[in-house]
Amino acid sequence: MRENAWAVVPRLRSWRRMVWRVVFVGLPLVAVLAWLDWRTTAAAVEHARADRLRLLAQVAAIASADTVTDHTFPAVPQPRAATPISEIGAPGTTEIVDPTAATVRTFDAEGHGTMWRFDPAEIAAPTRGIVVRSTMFAVACGLLGMGLVAGATHLGLARRLDRLARETATRLDFEVVEQGDELETLTTTLRRTIDLLETSCEDRARLAMVAERTTSAVVMTDRDRRITWVNEAFTDITGYTLDEVVGRVPGHILQCEESDPATVRRIREGLERRESIRETIFNRAKDGRGYWLTLDIHPVFDDDGDLSGFLAVESDVTELKSMQERLAQTERRLRMVIEGAELGTWDWNIQTGEVVFNERWCRMLGYEPEEIEPHVRSWELVVHPEDMDEAMHALQDHFEGRAETYRCEHRLRHKDGTAIWVLDAGRVYEWDEDGRPLKAAGIHVDITDARETALRYELAAAGASVGIWDWDLVSGDVHLSANWKAILGYAPDELPDTYESWHDNIHPQDRDRVISALERHLHTHSPYDIQFRMRHRDGTDRWTHARGQAAWGFDGKAIRVAGSLADVHDRKLAELAHERLAAIVEQSEDAILGLALDGTIVIANPACATLFARPVEELVGRHESMLVPAKDRQAELDHTERVAAGERVPSREGFRLRADGSEVEVSVATSVVRDDEGRVVGFAKIVRDITERREKRALQESHAALARLNTLLAHQNARLEEMTDRAHRFVDDVSHEFRTPLTVIKEYASLILDGLGGPVTDEQQDWLRTIDVATVDLNTMVEDFLDSSKLRAGRLRVDRRPVAVPEILDNVERLLSRKAEAADITLTIAAAPDLPEVFADPEKARRVVMNLATNAIKFSPRGSEVRITTRRLEEEIEISIHDQGPGLDRDDLATLFQRFHQLPNAMSPSVKGFGLGLNIARQLVWLNLGRIDVDSEPGRGSTFRFTIPIHHPVAIVDRFLCVQRQREDWPDRLAVAEIVPARSRETDRIRQSLCGASAPTDIKIVSRAGDRIVVFGPTDDADLWEDRLRRMVADEFGDDATEITVRGLGSFAFPEDGESARRTILNTLGHSKEILRA
Amino acid sequence: MPDRVLIVDDERTLARVIGIRFKAAGFEVATAFSGESGIAAATADPPAAIVLDVRMPDLTGFEVLDRLRADPRTASIPVAFLSANVQDSARSAAMAAGAVAYLTKPYDPADVIAVVTRAIDAHRRSA
């Protein structure tokens, strides 16, 4: 897919690194392994070990010790951790005790010895790299031995040597190529030491012995270069013993045909010039074995300055040489590998910009080597512009030491215009003294295929819930992975790899959003990372998360886009739920606090600011107790602890403090907050201001209390009513039962009086008459008493109707005349002729006449006259009762009509009565809408007058209002209603029912004509009253009465508004006048 | 032959004393002490007039009157109520029911005899 360059997906870096390692690091590794291979040859190990042991043996021979302590010497387990010799020995001395057992003995300043034993197994065991250093160590040991021999004054030098040896060893460990130089340095040091020793050490023999025991071959010659002495190491290296070489010239013995003649010449010339010489030369040993030798030859002068001979220290550097050989070989191999692996290589002179590109490098881009200018420009020209920055950064990092190597993946333009991906890696191999890079080299690997494969692999491997999509914008090909289809509920072969499979399955509401996001990505390179709903095969919607990356051609147009699709439905739902929850918390009017276990406020929603009158920021981090007044803290704490203990605790009511110190009444609902593992990690508290609720509740409570009271009252009322009913029934019964025996008494007395039981004397007649009058009085008294109580209860039924005046008077005349006769009073009733009908309850009117007349008779002296007269006034009839009694004084008049008022001066003191008569009379008069008054003077008799209204509605209204004004217990509003029966013949029946036994006395019928009845009475709600009238009539008549129409005509205030009330009623009646007249 | 008056009242002493009055006035008297026995007596031997109490244990005077009116043998017999109930409404109801008079206790014996005498005369005239 070279023509479709892949964009770098950042997440793939780690994988890319892997590729790099495989391709690039692997190759240098070959070299390293080769080098290690050299270093680990058993021969080398053995060699070094032998050297060391030999040296140790020689040192051991130097001295003996008197006291010995055994120690097992740690055999340099780590190169850099080896115990410095300077520390082992200081400030005493060291000796080798037993070369085979590798035992070293050290002495302190007082000569106390310590034995250090090297375990031979351990010496063989250490890592192979140690061997080289072991050699150096041994050398140092040897030198130290010499130093010790030379005396304590040279201990410092020995330490320096040791340090040097260690540093050398360290360097050697890593920089093999420099070993030669290090050896040189070492040798120089050695030479200097020897010089030093020569001048300072008195015992040359010991020097010789030291020389003899060093691992380097030491050769001493006379001035003619003939050998005078060689040490054992010489024998080891060359195979020749001391005896064999004494007197001979070293070069003659050792040099061979392969020895470099130039070197040989340089040595000879140096010797001739009596200079110090250092050369490396290939020689052959006695057995014909070839070896490389580094020679350090120094002229030795005697005290007089004459040349006495030469001292040569010769080191076997065969192994070094061999290593160099191997290195060269490795390099050759590497080159082959590079060629074989089709690696493009570059070798860049950073200062000049010149670059050597290999053939592969050129061909990788479709060019012939000749077509590529060997300059860094060539690279710069083909790098994809988008990748240039990254490459430059990577270079910079390496140049400035931040990265060990330069490594970068970028696109290069192929000759045919397509992009190829390369891994570009290299390193600087030459720096100048200031640390500036001079030369660098590296490789190019074509990883285009790898990247493509990698992307798909990566995405596919990312998890079962991730689907992969890939859309070639040039060809239109779409690839949808099996996972992609699985997310939508399809098997791989059930959904075609088409654009439509994607487009059509996006939730319609999300489609525009998704497509515009993708287009934005293709045009503006903004990230394509979007969550949307896809339609699942089962018809449900699934939340998915798509990410994608396009690749753009050199013309900037997107050529391909690919990415992943993940099913995030559950997560998204959880998120949405969480968002909703968060929104609820945000929007809640209740303060919501999140608390840590210790009560620290962790979260506070905006409502907290309102409730506590503090900014939310001020709350978070503080302890909850700052919000709780002291008096409520313990209770709050208990509440919280109960919740924490897992109890189901109802919300509690308490208090919270506001910033200004005021308290607010709240309800607090607390719940525990748990982490994923179910541990309680804190609390959530919902705090609600219940001030209003509390007030509301108080109101509700008082309402409820009122309702209860009302119920109670209603109940009491019902009971009272029942009791009253019973009382009245009782009164009725009493009245009834009382009359019968009374009648019996009266009748039998009357029988005797009338002579039916035999002759009666005059005296007996008088007595019997007294019985008769007394029974009548008793009856009147009882009736008065009962009427009085009924009147007070408002239960005295009134049946007003148009009635003729004689109808009232005729009935009373006979009763009264008998009384008058018994009291020797002349009763005269003089009714005016042609009186109009009155509107009244005749029974009540009759009672009034009886009452007043009875009183008149009672208080009149014998032989006097009681006169009853009638006359017509403007709108009423007046009935007067005159007597010639003692009359009443002013005081009497004032209290005359009160209940239980006893009139004085009764003519028949035996019968007193209850003093109810006049009170009842007045009330009965009022019931008939009349007036009553009295005109009296002491000694001149009395005249009681009362009126009854003429039957005329207007007059009645006036009268009604007038009478009511005088009453104290009357409501101050009146209502007027009109009852219109469906059939006019019903009018009388309705009227009768309204006036009947069950009718209340507070309803007044003011007109009855035609088909209408206008009524009015005390109430402040005409509508309710209207309803009451309807029910009342219905009760009386059954269902038929529902055909009546009851119209509330309004209610009006009374008595303040008496005049307008009157007018209202009269107007109401007005439309009935025609009917009335008819 | 004197007219016979039936007096119906559960109060026996009262019935008796009324009876004495009527006898004294020249009437033949029969008495009954309950509604049912009153009806039985009236039906068995229809009197010239009946004086009827309203409130009795078994039947009210109004019920008795209705029963009497319903029986052709007694339908036309004049009936005068003698009641302890002085309410005008009760009087109206009695008159509406077809009583010839509504007298209240305590009554004037002269009134009772006058009313009954008048009623018997009126009844005879109309018959």
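Each value in this text was obtained by applying a stated rule to the coordinates, not by laboratory testing. Quick caveat: nothing in here was measured; it's all calculated off a predicted structure. So basically every Cβ, Gly included, is an ideal-geometry build from the backbone, and we count neighbours across all protein chains shown.
When only C-alpha pairs under 8 Å and at least 6 residues apart count, what is the relative contact order of segment A:658-809, in percent?
Working: 73 pairs, mean separation 19.4, N = 152.
Relative CO of segment A:658-809 lands at 13 percent.
Taking K and R as +1 and D and E as -1, what net charge do the other residues with C-beta under 11 Å from the C-beta of A:GLN396 add up to?
Result for the local shell: -3.
At 7 Å along Cα-to-Cβ for each site, give me the label-to-label distance between A:THR263 and A:ALA727 in nm.
It is 15.2 nm.
List the residues whose amide H sits under 5 Å from the amide H of A:THR228, counting only those 5 or more places along or on another chain, with H placed 1.01 Å from N in the peptide plane.
Amide H neighbours of A:THR228, under 5 Å, 5+ apart: A:MET220, A:THR221, A:ASP222, A:GLY247.
For segment A:234-291, what class follows from the C-alpha gyration tensor (a ≥ b ≥ c being the square roots of its eigenvalues): rounded when a/c is under 1.5, otherwise prolate if a/b is larger than b/c, else oblate?
Because a/c hits 1.5 or more and a/b fails to exceed b/c, segment A:234-291 counts as oblate.
Counting DSSP beta bridges in segment A:798-949, what percent are antiparallel, to the nearest 5?
80
Can you tell me the length gained on complete extension of the stretch A:GLU380 to A:ARG289, counting 0.36 nm per residue apart and subtracting the Cα distance?
27.2 nm
For A:PHE301, list long-range residues whose amide hydrogen, built 1.01 Å from N in the peptide plane, is under 5 Å from its own amide hydrogen.
Correct list: A:SER308.
Name the residues whose placed amide hydrogens come within less than 5 Å of the amide hydrogen of A:GLU430, ignoring near sequence neighbours (fewer than 5 apart) on the same chain.
Amide H neighbours of A:GLU430: A:LEU438, A:LYS439.
Rounded, prolate or oblate for segment A:692-847? Axes are the square roots of the Cα gyration tensor eigenvalues, ordered a ≥ b ≥ c, and the cut-off for rounded is a/c under 1.5.
oblate
Considering every residue in A:749-757, what mean count of other chain Cβ atoms within 10 Å of its Cβ is obtained?
3
Please give the length that would be gained between A:ASP538 and A:ALA774 if that part of the chain were fully extended, namely 0.36 nm times their separation in residues minus their C-alpha to C-alpha distance (nm, one decimal).
Length gained, A:ASP538 through A:ALA774: 74.0 nm.
Spelling out what I want: for every residue of segment A:557-563, take phi, set θ = phi - 60°, compute 6.51 cos²θ - 1.76 cosθ + 1.60 (Karplus), and round to whole Hz; glycine and proline get x.
8, 5, 10, 7, 9, 8, x
Please state the shape class of segment A:216-327: rounded when a/c is under 1.5, otherwise prolate if a/b exceeds b/c and oblate if not, all from the C-alpha gyration tensor.
Verdict is prolate for segment A:216-327.
For A:ARG274 and A:MET392 in the same chain, what is the full-extension length gain: residue separation times 0.36 nm, less their Cα-Cα distance, in nm?
In short, 36.8 nm is gained.
Restricting the calculation to Cα positions, tell me the Rg (one decimal) and the Dmax (whole number) of chain B in Å.
For chain B, the Cα radius of gyration and maximum Cα-Cα distance read 12.9, 38 Å.
I'd like the trypsin sites (Lys or Arg not before Pro) in segment A:238-287 restricted to DSSP loop residues with at most 11 other Cβ atoms within 10 Å, sorted by number.
Passing both the DSSP loop test and the Cβ count: A:ARG273.
Each label point is 7 Å from the Cα along the Cα-to-Cβ direction; what then is the distance between the points at A:GLU244 and A:ARG402, in nm?
For the pair A:GLU244/A:ARG402, the computed spacing is 6.4 nm.
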